[in-house]
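Structure record follows, encoded as structure tokens.
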Amino acid sequence: MNAHATIPTARAAAPTCTVTTLADLAREPAAWDALTARSAGSNPDYSRRVMAAHRDHGLVPADLPCLVVRRGPDLLALLPFRLGRGPLGLGRIARPFASPYLTVTAPLVGAGIESAPALAALAAGMRTLGVAWWWPLLPMDGAAGPEFLAALTHDGWGTAEVAGFLRPVLDRRPSHDAFLKQHPHKGRLKDLRRRRRRLDEAGAVTVEAVGPDGDLGHAVDAFLALERSGWKGRAGTALACDPRTAGLARALFSAGDGPVTARADLLRLDGRVVAASLALVCNGTATLLKTAYDEDLRALAPGVLLEAEIVRALHETRFADRLDSATLASAVLDDLYPERARIAEIVLSPPEGPAPDRLAARARRQHAAKDWLKARLARLRRR
């Protein structure tokens, strides 16, 4: 035998995609956390922490179906989903799991060399369901969305965009001074300085940042009380108005474990909390999920002043590389956060399925009808 001959090794097994349930996934916490930690970009939404909080507080069933891609004991991709009648008027469709407390619906996929085979297996697994997909909140910047759509196209899927919007984000500069010098809206910064002076004149202003090692429970309670005291409380939509969503908030923003951590920022006036922000930090991005402020102090803009303090803390303590506003659209943060992340609503049609452009056109007509009805009801309420 040639001394330099190489003994052939077995090729790595191809990844496989199967359907499991949220309850079964919960039995693999280490594998789930490992996938989240090495996922492409920041995707706390389908992490074990977020999905377990939804399940434990009655916002998602334990038997929620999930497409999972595996290679041996490793999880390579994960996609919770629902099957049912969709908004497109075309009977049974699939959609990624979404809730009012999720910011994107990108599949959870490992980055690096495992990404392409995992996405190919996921596309094939989606195809076995034999239905079209309606997909809101798909990020179109970075790797998550474009690579996913490329894998679907390669698998024979048709895709069409229904709508999209730009979400304010902020990438950390070398220093806070550099951020201020490079900021494109100097007038906005001047206005914030003026409002901060007025707030300082109203009393003693302090800012508190609470991380995983701090008293997050107290910070969450302060947020819940503040949110309930405003218009959301009067409308019955504040988190504290429902024991399920109050419990969700306490679970999401607790110390916990795993690759997703919680953070709270509080702005106080004479010791009283007048603005609060709750965030999840994952893979270098802080997603600012919930904010609330004292509406009696609206003229002083305590909520925006707290956002500006979070920007300062980002640069001074480097707790993340990016801030994600987590909004559908934000006139408030447009002038503070210079960057934008594009988020799209798309429809997907499997090979030999209905034309995706026809699905998208139908979805746009439904959106237009809902917008007209909403505007009509608003006019009637004003009379």
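The values are calculated or read from the model by the stated rules, or taken from the named source; none is laboratory data. The shown structure was predicted, so the numbers you read here are calculated from the model rather than taken from an experiment. Positions of Cβ are generated from backbone atoms using ideal geometry, with glycine treated the same way; all protein chains shown enter the neighbour counts.
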- Message: Condition check: under 18 Å from the mean Cα position of the chain (by Cα), loosely packed, with under 12 Cβ neighbours inside 10 Å and outside any strand (DSSP E or B). Does Leu333 satisfy that?
- Response: no
- Query: Can you name the residue in the range 44-100 that is basic (Lys, Arg) and in contact (Cβ under 8 Å) with a residue 24 or more places away in the chain and is also farthest from Gly353 (Cα to Cα) among such residues?
  - Reply: Arg49
- Ala219 outside any loop (DSSP other than H, G, I, E, B), at pLDDT 95 or above, within 20 Å of Ile310 (Cβ to Cβ) and among the small types (Gly, Ala, Ser): yes
- Query: In the set Arg358, Arg379, which member is loosely packed, with under 12 Cβ neighbours inside 10 Å, more than 25 Å from Leu289 (Cα to Cα) and either touching a strand residue (DSSP E or B) at 6+ places or on another chain (Cβ under 8 Å) or free of Cβ contacts under 8 Å to residues at least 40 places away in the same chain (or both)?
  - Reply: Arg379
- Query: If you go through the range 73-108 one residue at a time, how many are at pLDDT 90 or above and either charged (D, E, K, R) or in a loop (DSSP other than H, G, I, E, B) (or both)?
  - Reply: 14
- Note on the structure: Of the candidates Ala276, Ala313, Ala249, the one satisfying the condition of being in contact with a Phe, Trp or Tyr (Cβ under 8 Å, 6 or more places away or on another chain), under 21 Å from Asp45 (Cβ atoms) and either modelled with pLDDT under 95 or not assigned by TED's automatic domain parsing to the domain that holds Arg49 (or both) is Ala249
- Considering the range 103-119 alone, what residues qualify as being crowded, with 20+ Cβ neighbours inside 10 Å and among the aliphatic types (A, V, I, L, M)? Val104, Ala106, Leu108, Val109, Ala118, Leu119
- Scope the range 12-49; condition among the β-branched types (Val, Ile, Thr) and either surrounded by fewer than 21 Cβ atoms within 10 Å (Cβ to Cβ) or modelled with pLDDT under 95 (or both); matching residues: Thr16, Thr18, Val19, Thr20, Thr21
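Residues checked against (1) of a type in the set (S, T, N, Q); (2) more than 28 Å from Met126 (Cα to Cα); (3) at pLDDT below 95:
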position	(1), (2), (3)
Gly156	no, no, no
Leu166	no, no, yes
Arg172	no, yes, no
His176	no, yes, no
Pro184	no, yes, yes
Arg188	no, yes, yes
Arg197	no, yes, no
Glu201	no, yes, no
- Message: All but one of (1) within 30 Å of Asp257 (Cβ to Cβ); (2) outside any strand (DSSP E or B); (3) of a type outside the set (A, V, I, L, M) hold for Arg197; state the number of the condition that does not hold.
- Response: (1)
- Message: Given the criteria free of Cβ contacts under 8 Å to residues at least 60 places away in the same chain and part of a helix (DSSP H, G or I), does Arg263 qualify?
- Response: no
- Only one of Ala235, Ala240, Ala292 that is in contact with a Gly (Cβ under 8 Å, 6 or more places away or on another chain), surrounded by fewer than 21 Cβ atoms within 10 Å (Cβ to Cβ) and among the small types (Gly, Ala, Ser): Ala240
